[in-house]
1. Give me the pairs, please: first residue somewhere in the range 83-108 and under 16 Å from Ser47 (Cα atoms), second residue anywhere and among the hydroxyl-bearing types (Ser, Thr, Tyr) and not in a helix (DSSP H, G or I), beta-carbon distance under 9 Å, and either six or more positions apart or on two chains.
2. If you take the residues of the range 78-128 that are surrounded by 12 or more Cβ atoms within 10 Å (Cβ to Cβ) and of a type in the set (Phe, Trp, Tyr), which of them is nearest to Gly60 (Cα to Cα)?
3. Determine, yes or no, whether Ile58 is touching a Cys at 6+ places or on another chain (Cβ under 9 Å) and not in a helix (DSSP H, G or I).
4. Suppose we filter Lys68, Lys90 for residues that are of a type in the set (Lys, Arg), closer than 20 Å to Trp17 by Cα and in contact with a Cys (Cβ under 8 Å, 6 or more places away or on another chain); which single one remains?
5. Looking at the range 25-49, which of the residues that are touching a helix residue (DSSP H, G or I) at 6+ places or on another chain (Cβ under 7 Å) and closer than 20 Å to Ile88 by Cα is modelled with the lowest pLDDT?
6. With (1) of a type in the set (Lys, Arg); (2) out of contact with any strand residue (DSSP E or B) (no Cβ under 6 Å at 6 or more places or on another chain); (3) free of Cβ contacts under 8 Å to residues at least 24 places away in the same chain as the list, and Lys121 as the residue in question, which single condition is left unmet?
7. Of all residues in the range 129-141, which are assigned to a loop (DSSP other than H, G, I, E, B) and either among the aromatic types (Phe, Trp, Tyr) or surrounded by 13 or more Cβ atoms within 10 Å (Cβ to Cβ) (or both)?
8. Would you mind telling me which numbered condition in (1) of a type in the set (S, T, N, Q); (2) under 16 Å from the mean Cα position of the chain (by Cα); (3) more than 19 Å from Asn19 (Cβ to Cβ) Asn130 fails?
Amino acid sequence: MIRKQKPSDLNRILDIWLNVNIEAHSFIDKNYWISNFDIVKDLIPDSDIYVYEKDEDILGFIGINNGKIEGIFVDSKFQSQGIGHNLITKAKSLYKSLCLNVYELNKNAINFYIREGFIIKEHSFDTDNNAKELIMIWNKN
């Protein structure tokens, strides 16, 4: 089931955020994610967060801010089970267009977004991590 985040979900959301970022972005020093933990914790209330819950456990979530997907994260034990697809489908039901940034070295995420109908709009550069990024968009037909 997908539902809007409740305040009591925060610790589980942050746990998934940190672990998935460290695992998915091996090309970025894990201390970057650790040092940004409190910043993200403070920013969570500024985004619309939808969680994917099964048996009262949050398995993943998506954060959206005015049509920009700030992140989609699925606990690594539950990846490749359709959870990400369901979260993206929820976002598509709420917005006419979506955009996101993804690291160019995160090939799994790029392939996922392409399968979900996103296209590469432009290239950018994350100066914090000296890493190339892609800006991807999706528009409802």
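The values are calculated or read from the model by the stated rules, or taken from the named source; none is laboratory data. Because the structure is a prediction, the values reported are computed rather than measured. We place every Cβ from the backbone using ideal geometry, glycine too, and count neighbours over all the protein chains shown.
1. Leu87/Tyr50; Leu87/Tyr52; Lys90/Tyr50; Lys90/Tyr52; Ala91/Tyr50; Leu94/Tyr50; Asn101/Ser124
2. Phe78
3. no
4. None of the other options fit; the residue is Lys68.
5. Of everything passing the filter in the range 25-49, Ile44 is modelled with the lowest pLDDT.
6. (2)
7. If the condition is that a residue be assigned to a loop (DSSP other than H, G, I, E, B) and either among the aromatic types (Phe, Trp, Tyr) or surrounded by 13 or more Cβ atoms within 10 Å (Cβ to Cβ) (or both), then Asn129 is the only one that fits.
8. (2)
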